[in-house]
Amino acid sequence: MYMEFQGKKQTILCLSFVTLFSLVGLLCAEIDGSPNIVVEEVHVGVILDMGSREGKIILSCISTALSDFYHLHNNYSTRVILHTRDSKGKALHALSAALNLLDKIKVEAIIGAQTRVEANLLAELGEEAKVPVLSLSGLRTSPFGAPGEYPFFVEITQDETSQVTAISGLIEMFKWRDVILLYENTDYGRDIIPFFINSIEEANVTIVYKSCIAASSADEQIIEELRNLTKLKTTVFVVHASHFLVPRLFLNAKKLGLLSEGYAWIMTSTSMNFLHFSMDPSVIESTQGVLGLKSYTPASTRLHNLTSRLRRIFYMQDPNIEVSAVIPDGIWAYDATWALAEAVERTWTSTGLNLVNLNNITSSKHGLLLLQEILQTRFKGLSGEEIQYPNGKLVSSAFEIVNVIGKGERRVGFWPCEEKHTRDSYPLNNRRNLLSTNDLETIIWPGGSSTIPRGSKMHVSTSSEIKLRVGVPVKKGFNELVHMNLDIQTNRTRFTGFCIDVFEAAIRALPYEVKYDFVPFEIGINASYNDLVYQVFLQTFDAVVGDTTITWERSQYVGFTIPYTDLGVAMLVSNENGDMWIFLKPLSADLWITIAGFFILTGFVVWVIERPVNPEFQGTPSQQIGTILWFAFSTLVYAHREKLLNNLAKFVVIIWVFSVLILTSSYTATLTSIMTVNQIQLHSRGDYIGYQSGSFTPGLVKNLNFKGLNPYNLVEEYALALSRGSKHGGVSSIVDELPYMKIFLAHYPTGYSVIKPESSTNGFGFVFPKGSKLVHDMSMQIQLMREEGKLIDMEKVWFHKRTISMFDNTTSDPSTLNFHTFRGLFLVTGVSSAFALFIFIIFPLKEKWYAVKKFRFRYQVREKLQRVRKFFSRKVSNESEENQ
């Protein structure tokens, strides 16, 4: 209780002193400034773990930055007022503190977030409130994450992922081909691993093992995990862990001899930055020869002065905290505070805004403007480097490559984050330009040696020293892949099969001699393929040759060559051709009826149009009906002999023939599929599925809706089960990998088909220990054999007859065509016929109407002429009478 009270008392005294220090700085700035300046207070929240050493140092750096800033700019009209809150190292406390600052204090920005969890929570809150969050930790992201998800989030520390390229470049430079990743089982540790994997694999380096250790693990658990690593042949370790785990990790690794000559250890910058702040001399002694990255901070007068001031502050307030150098987070917090104060001044003075009536914590009047000013800030930071935050991230300068020697560390080189020059080093080049160890000073590796570690305990030479103990699976059935023959006279076993031939051909092609002995491993009830593969991890076998499928689970503890067989799983079914009405299956009943109706409709329309002018469409009623039906159905095979005279009839027939072409082509394709492959309804609960006993096929079909699974071992059992069917004690289909399908079809080339090929598996591969050079070399030989066609030739020897091209005619389950599929086609045909019929009817009516109109016109003219004649005849008669 007394110690706890003393700790709280020291924390309160430290906070009081920092606040007093800030107020004194502001007071001095006010005294030195003009008395006529009206100072506008801008409130900013600071959320840190005040009980930790790092939190106290960072808070002191922030307060000192404000004091220095306003001492230099005493004429500014704004003053940043800090409101500190203690997160107690817990994310929910940090979130609660942020809500309090936004609700009660109405802060315009927040500085804090020392962990990724805190960063994500404050990023969400800052986005909602439109308040900039200046974070000391990055967000939880992935290599494929979308940037710009939180515009109000500004990462003021060096991006952790930028060191990934540096470490993978170092590994590539030292020509190491395999590494082991050791990381902490926290969000901090796990989040960066996907970046490591991508970058290291780009350098053609294999991560043979990923070891995840919790910071809370007991020493016994750490030792057990490290013991497992001693069994591996790889001697290069990359460590990404916090200072809580690093001390115990290296102390125990030292005890197990993992820091002796021949080993290489590389630490990330996060681990190295805190290496000496929380470790005793025994831990430093255990890290001798370790190589690591550190954030590059050039020495400067300002940085030296800050270190001296902090040393005096903590000497007075907390003598237990010794500040030999400012931690990187403190430097970044100092620069970010400086940038924030400058951005506040520009925002408030350039826009004439002021802080009044902020009633809603979810929106800030100045948030967006303040954010824009922060992102546009560019100035010389505490270390003399240019500071800027484009896209919400600090532009990283470079990393120091340091080597732990004696009681400290020695700089051996630099690695740039971008192409630039540093003040006290040679020009920094991009990643691929640092190709030689001559660019680095001499490195003292673990064990005191200056010779670059080889990276692996196993060294494959051109001598005949290599001898492998090869495990071979032995089981019933599929002897074409692997088969063991026992010679009774000599009592020796001989192995044959496709897998054996490929392995021996690849071994012979290696540029060095490798001897091997085949050792049988029986697969059955008591042992599985997983057990066989695991024997390589246990070092019982040096390799496994056989029908061993490459899986993700197995790849966690052994290495696989590239596959030498086809990939994927398929279904084997029995062809069914006994249905006498199978020719009706391609089309549904409604489609059959619709087609028949349109045949008759087309014949009727053509008859209506052609009958008035074409003698071939005339005759007795029975002859005309026969002509309609004959003409319509003869278009199916384009055998109609009637000559069409009317263009409208020709138009109707053209459209209909086009429709018939599409329908017949679709019918033919569907009927072919149905006659080739028996449709399997796996969703029927009455169906059974077969699989090979001992395989992992049940896991692949567990999501299918079936009644049960039946295991089989022999090719003959496959055929018998398919012939019986689900209803008679057999199965409707067999699910297995493609090499087994090829073997089956070699025995039964007719009557069966393979459908639904899926890339659900990665094929067969040879098994070697993690980190073995033979994985790469054998893979290269397999690839060469594939390119030269030798693998195909071997398949022809063992999987003869039709199996090599069995997938050329493979089809998936056909479905019956219905009216809905061709509704557009029938719509076009119907509209065309209706249009032609309409034109045929309307034009004669129009001609008759014109004839009637013409007749009436002539009649009216004739009537008028008669009237005129009568008029003139009367007039002439009257004049004659008058003359008489």
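The values are calculated or read from the model by the stated rules, or taken from the named source; none is laboratory data. The model shown is predicted, which means the values in this text are computed figures rather than measured ones. FYI the Cβ positions are ideal-geometry reconstructions off the backbone, even for glycines, and counts take in every protein chain you see. Ligands, DNA and RNA are excluded from the accessible area calculation, which covers all protein heavy atoms including side chains. Shrake-Rupley method; radii C 1.70, N 1.55, O 1.52, S 1.80 Å.
Scoring residue 217 on the criteria (1) open to solvent by 10 Å² or more (accessible area, probe 1.4 Å); (2) outside any helix (DSSP H, G or I); (3) in contact (Cβ under 8 Å) with a residue 60 or more places away in the chain leaves a single failure, condition (3). For residue 165, the conditions (1) polar (S, T, N, Q); (2) outside any loop (DSSP other than H, G, I, E, B); (3) open to solvent by less than 20 Å² (accessible area, probe 1.4 Å) all hold with the exception of (3). Would you confirm whether or not the range 285-301 contains a residue that is free of Cβ contacts under 8 Å to residues at least 60 places away in the same chain, surrounded by fewer than 21 Cβ atoms within 10 Å (Cβ to Cβ), more than 42 Å from the chain's Cα centre (by Cα) and closer than 24 Å to residue 158 by Cα? Yes; the residues of the range 285-301 include at least one that is free of Cβ contacts under 8 Å to residues at least 60 places away in the same chain, surrounded by fewer than 21 Cβ atoms within 10 Å (Cβ to Cβ), more than 42 Å from the chain's Cα centre (by Cα) and closer than 24 Å to residue 158 by Cα.
For every residue, the table says whether it meets (1) closer than 21 Å to residue 827 by Cα; (2) modelled with pLDDT under 80; (3) not polar (S, T, N, Q).
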| position | (1), (2), (3) |
| --- | --- |
| 603 | yes, yes, yes |
| 621 | no, yes, yes |
| 634 | no, yes, no |
| 637 | no, yes, yes |
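Taking the criterion of being surrounded by fewer than 22 Cβ atoms within 10 Å (Cβ to Cβ), closer than 14 Å to residue 469 by Cβ and out of contact with any Leu (no Cβ under 6 Å at 6 or more places or on another chain), would at least one residue in the range 539-553 satisfy it? So far as the range 539-553 goes, yes, one or more of its residues are surrounded by fewer than 22 Cβ atoms within 10 Å (Cβ to Cβ), closer than 14 Å to residue 469 by Cβ and out of contact with any Leu (no Cβ under 6 Å at 6 or more places or on another chain). Sub-7 Å Cβ pairs linking a first residue in the range 790-804 that is farther than 13 Å from residue 741 by Cβ to a second residue that is at pLDDT below 70, at least 6 apart or interchain, are 792/804; 796/804, ordered by first then second residue.
Answer with yes or no whether residue 207 is open to solvent by 20 Å² or more (accessible area, probe 1.4 Å), closer than 23 Å to residue 552 by Cα, out of contact with any Lys or Arg (no Cβ under 8 Å at 6 or more places or on another chain) and among the aliphatic types (A, V, I, L, M). Yes, satisfied. Taking only pairs six or more apart or across chains, which ones have beta-carbon atoms under 9 Å, a first residue in the range 681-693 that is outside any loop (DSSP other than H, G, I, E, B), and a second residue that is basic (Lys, Arg) and modelled with pLDDT of 50 or more? From residues that are outside any loop (DSSP other than H, G, I, E, B), the pairs are 688/707; 689/707.
In the set 321, 313, which member is crowded, with 16+ Cβ neighbours inside 10 Å, among the β-branched types (Val, Ile, Thr) and part of a loop (DSSP other than H, G, I, E, B)? Don't jump to the end; show me each part of the working.
Working: 313 fails: part of a loop (DSSP other than H, G, I, E, B).
Of 321, 313, the one residue that is crowded, with 16+ Cβ neighbours inside 10 Å, among the β-branched types (Val, Ile, Thr) and part of a loop (DSSP other than H, G, I, E, B) is 321.
With respect to the conditions (1) under 22 Å from residue 395 (Cα atoms); (2) surrounded by fewer than 24 Cβ atoms within 10 Å (Cβ to Cβ), residue 119 falls short on a single one, namely (2). Of all residues in the range 58-110, those satisfying the criterion of being over 20 Å from residue 348 (Cα atoms), hydroxyl-bearing (Ser, Thr, Tyr) and not in a strand (DSSP E or B) are 60, 63, 64, 87, 96. Among the conditions (1) open to solvent by less than 10 Å² (accessible area, probe 1.4 Å); (2) touching a Leu at 6+ places or on another chain (Cβ under 9 Å), residue 236 misses just one, which is (2).
Can you tell me which condition residue 479 does not meet? The list is (1) at positive phi; (2) open to solvent by 50 Å² or more (accessible area, probe 1.4 Å), and all the others hold. Residue 479 satisfies all of (1) at positive phi; (2) open to solvent by 50 Å² or more (accessible area, probe 1.4 Å) except (1).
A Cβ distance below 6 Å, combined with a sequence gap of six or more or placement on separate chains, defines the contacts here; from the range 707-718, residues that are closer than 18 Å to residue 547 by Cα reach residues that are of a type in the set (Gly, Ala, Ser) in the pairs 711/693; 712/690; 713/477; 713/693; 714/477.
Would you say residue 742 is at pLDDT 80 or above, of a type in the set (D, E, K, R) and in a helix (DSSP H, G or I)? Reasoning before the result, please.
Working: at pLDDT 80 or above: yes; of a type in the set (D, E, K, R): yes; in a helix (DSSP H, G or I): yes.
Considered against the rule, which asks whether it is at pLDDT 80 or above, of a type in the set (D, E, K, R) and in a helix (DSSP H, G or I), residue 742 comes out as yes.
Residues in the range 55-75 that are surrounded by fewer than 21 Cβ atoms within 10 Å (Cβ to Cβ) and touching a Ser or Thr at 6+ places or on another chain (Cβ under 9 Å): 67, 74, 75.
Every residue, every condition in (1) crowded, with 22+ Cβ neighbours inside 10 Å; (2) at pLDDT below 80; (3) of a type in the set (A, V, I, L, M), yes or no:
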site	(1), (2), (3)
240	yes, no, no
251	no, no, yes
279	no, yes, yes
305	no, no, no
